[in-house]
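Visitor: Below is one structure. I have some questions about it.
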Amino acid sequence: MSDNGLLKIALGGGCHWCTEAVFQSLSGVVNVEQGYVSSIGDNKTFSEGVVVHFDVAKITLSTLVKVHLHTHKSTSEHSMRRKYRSAIYTFSKEQATIVGEIFKQVQPVFKDPIITKILPFRNFRPSESRYLNYYLSNPEKPFCENHITPKMAKLGILYGGALKH
């Protein structure tokens, strides 16, 4: 879970371009690796996601989990749910327990049950370089304007104090 004094968590929440943009904007997030994440027992199934490296002295795991749950459809199925799985991939049993507790705390905020899975991290495969930093490089593209910009606006409203300035 720790490398170079940082902690990490892997997140799947629909398109990895969207997830990358959200977490790149948070203060305390040092690096966001965009690509494909798998869990133990997934048998070669990879879902779009990110690995977030963060400084716990500047941002908490609780904030990251809450941001994740609020910035994608964490309470509804997606027609391509396997590829766009709503999941939090943990790097230890302790981290999984903490994430489960955070779910219990935040569930009352949501109208429907949270369907986001808490899964043990197995592997990560990075995206092709042309897709990295997609939103930062292409904010005017229709996909970004229609899907990522609204997430960023919601992030600003709900977690403006956690954003990089």
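Each row is one residue, and each column tells you yes or no for (1) within 18 Å of Leu163 (Cα to Cα); (2) modelled with pLDDT of 90 or more.
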residue	(1), (2)
Phe23	yes, yes
Gly28	yes, yes
Glu48	no, yes
Val65	yes, yes
Arg85	no, no
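Visitor: Select, from Ile98, Ile59, the only residue that is part of a loop (DSSP other than H, G, I, E, B), touching a strand residue (DSSP E or B) at 6+ places or on another chain (Cβ under 9 Å) and modelled with pLDDT of 95 or more.
Guide: Numbers: Ile98 fails: part of a loop (DSSP other than H, G, I, E, B).
Residue meeting the stated conditions: Ile59.
Visitor: Is one or more of the residues making up segment 31-40 over 21 Å from Pro150 (Cβ atoms) and among the hydrophobic types (A, V, I, L, M, F, W, C)?
Guide: If we filter segment 31-40 for residues that are over 21 Å from Pro150 (Cβ atoms), which is where we start, we get 31, 33, 35-40.
Adding the requirement that they be among the hydrophobic types (A, V, I, L, M, F, W, C) leaves 37, 40.
Looking through segment 31-40, at least one residue is over 21 Å from Pro150 (Cβ atoms) and among the hydrophobic types (A, V, I, L, M, F, W, C).
Visitor: When Asp3 is evaluated against the numbered criteria (1) at pLDDT below 95; (2) under 13 Å from Ile88 (Cα atoms), which criterion, by number, is the only one it fails?
Guide: If we test Asp3 against (1) at pLDDT below 95; (2) under 13 Å from Ile88 (Cα atoms), just (2) comes out false.
Visitor: Do you know which of the residues in segment 29-60 that are among the aromatic types (Phe, Trp, Tyr) and crowded, with 19+ Cβ neighbours inside 10 Å is farthest from Gly13 (Cα to Cα)? I'd like the intermediate steps shown before the answer.
Guide: In the first step, residues of segment 29-60 are kept if they are among the aromatic types (Phe, Trp, Tyr); the result is 36, 46, 54.
If we keep only those that are crowded, with 19+ Cβ neighbours inside 10 Å as well, we get 46, 54.
Working: Phe46: 13, Phe54: 18 Å.
Taking the candidates together, the pick is Phe54.
Visitor: Looking at Gly49 and the list (1) part of a helix (DSSP H, G or I); (2) touching a His at 6+ places or on another chain (Cβ under 9 Å), which single condition is not satisfied?
Guide: It fails just one condition, (1).
Visitor: Would you be able to say whether some residue in segment 107-119 is at negative phi, surrounded by fewer than 18 Cβ atoms within 10 Å (Cβ to Cβ), among the polar types (S, T, N, Q) and modelled with pLDDT under 95?
Guide: no
Visitor: Continuing with the same structure: How many residues, within segment 9-28, are assigned to a strand (DSSP E or B) and surrounded by 22 or more Cβ atoms within 10 Å (Cβ to Cβ)?
Guide: Here is the first cut: in segment 9-28, the ones assigned to a strand (DSSP E or B) are 9-13, 26.
Still in the running and surrounded by 22 or more Cβ atoms within 10 Å (Cβ to Cβ): 9-13.
Looking only at that region, the number is 5.
Visitor: Test Ser92 against the stated conditions and say whether it is small (Gly, Ala, Ser), out of contact with any His (no Cβ under 9 Å at 6 or more places or on another chain) and farther than 20 Å from Glu33 by Cβ. Even if it seems obvious, please write down each step before you answer.
Guide: Numbers: small (Gly, Ala, Ser): yes; out of contact with any His (no Cβ under 9 Å at 6 or more places or on another chain): yes; farther than 20 Å from Glu33 by Cβ: no.
In short, no.
Visitor: Which residues, counting only those in segment 120-135, are assigned to a helix (DSSP H, G or I) and surrounded by 14 or more Cβ atoms within 10 Å (Cβ to Cβ)? If you could, list the steps in order and put the result at the bottom.
Guide: Here is the first cut: in segment 120-135, the residues assigned to a helix (DSSP H, G or I) are 129-131, 134-135.
If the condition is that a residue be assigned to a helix (DSSP H, G or I) and surrounded by 14 or more Cβ atoms within 10 Å (Cβ to Cβ), then Tyr131, Tyr134, Tyr135 are the ones that fit.
The values are calculated or read from the model by the stated rules, or taken from the named source; none is laboratory data. Source: prediction; values computed, not measured. Every residue, glycine as well, gets a Cβ built from its backbone with ideal geometry; the counts of neighbours run over all protein chains shown.
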